[in-house]
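Working notes, beginning with the structure itself.
The values are calculated or read from the model by the stated rules, or taken from the named source; none is laboratory data. Because the structure is a prediction, the values reported are computed rather than measured. Because the Cβ atoms are built from the backbone with ideal geometry, glycine has one as well, and the counts that use them run over all protein chains shown.
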Amino acid sequence: MDARTPESPRRDPLREAAESLLQELQEHFQALTAALNLKMEDMGNRIEDLQKNVTVLMEQAGVGNSTKEHTT
């Protein structure tokens, strides 16, 4: 009987190392994805704040019309 038959399971160190490496890569990828999502959300909030500040400055300077004037 061959040692590789299903009746006698054998540990394959190369396969275990590859699976371990893939698991580690997946964990790093998930952590990187989470960090990028947080940074993108923060950047989105900063852009919104910047847009609000520019609108206020334009209104104070009397430059252009505010979006409120366009909607009424």
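Taking residues in the stretch 51-72 that are at pLDDT 60 or above, and partners anywhere that are assigned to a loop (DSSP other than H, G, I, E, B), the pairs with Cβ atoms closer than 6 Å and at least 6 places apart or on different chains are Met58/Gly64; Glu59/Ser66. Would you check if there is a residue in the stretch 13-34 being of a type outside the set (Phe, Trp, Tyr), more than 34 Å from the chain's Cα centre (by Cα) and at pLDDT below 95? No, every residue in the stretch 13-34 fails to be of a type outside the set (Phe, Trp, Tyr), more than 34 Å from the chain's Cα centre (by Cα) and at pLDDT below 95.
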